[in-house]
Amino acid sequence: MKKPELNITPFVDIMLVLLAILMVSVTVSTYQEKNVNLPEGSKTTPAVKKATITITIPNSSYAIVNQQKIPLNDFLENFNLKYGNFNKNALVYIAADKNIKYDTFMKVYAAVVKSGFTQIGLLTK
């Protein structure tokens, strides 16, 4: 009598499909949190350094710095209080909605520069 064999090929196929679905759903849920319409950028390879400070500017009234809302009217003072003791060589990413005014973006950018940070990256799509 012939011994039955265990065929694991269908099992491996199903696991690979489930893994692909999991990877796509995690990526989508991670990037749906930010409701910012970024401008188009150049098609270069993304930076591999991990940002220490991430600033998101969804509109002209506030900015989100590492998931904390900071009003833009006193952004410089609040940013210096919370992040003034960070390493000044730390990488800072700024993601601004493409519909905000240039003046609003420059106010945040100038505050980061005045705080002493030298490595500032601008996020695009």
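The values are calculated or read from the model by the stated rules, or taken from the named source; none is laboratory data. These numbers were taken from a predicted model, which means no experiment stands behind them. Here the Cβ is made from the backbone with ideal geometry for all residues, glycine too, and neighbour counts use every protein chain on show.
Residues that are assigned to a loop (DSSP other than H, G, I, E, B) and either within 17 Å of Ala95 (Cα to Cα) or at pLDDT below 80 (or both) do occur in the stretch 19-32. If you go through the stretch 101-122 and keep only what is under 18 Å from the mean Cα position of the chain (by Cα), touching a residue at least 40 places away in the same chain (Cβ under 8 Å) and closer than 19 Å to Lys69 by Cβ, you end up with Phe105, Val108, Val112. Annotation note: of Lys98, Lys88, Lys69, the sole residue that is at pLDDT 90 or above and not β-branched (Val, Ile, Thr) is Lys69. Please determine whether any residue of the stretch 8-16 is under 30 Å from Ser60 (Cβ atoms), modelled with pLDDT under 90 and not in a helix (DSSP H, G or I). Looking through the stretch 8-16, none of the residues is under 30 Å from Ser60 (Cβ atoms), modelled with pLDDT under 90 and not in a helix (DSSP H, G or I).
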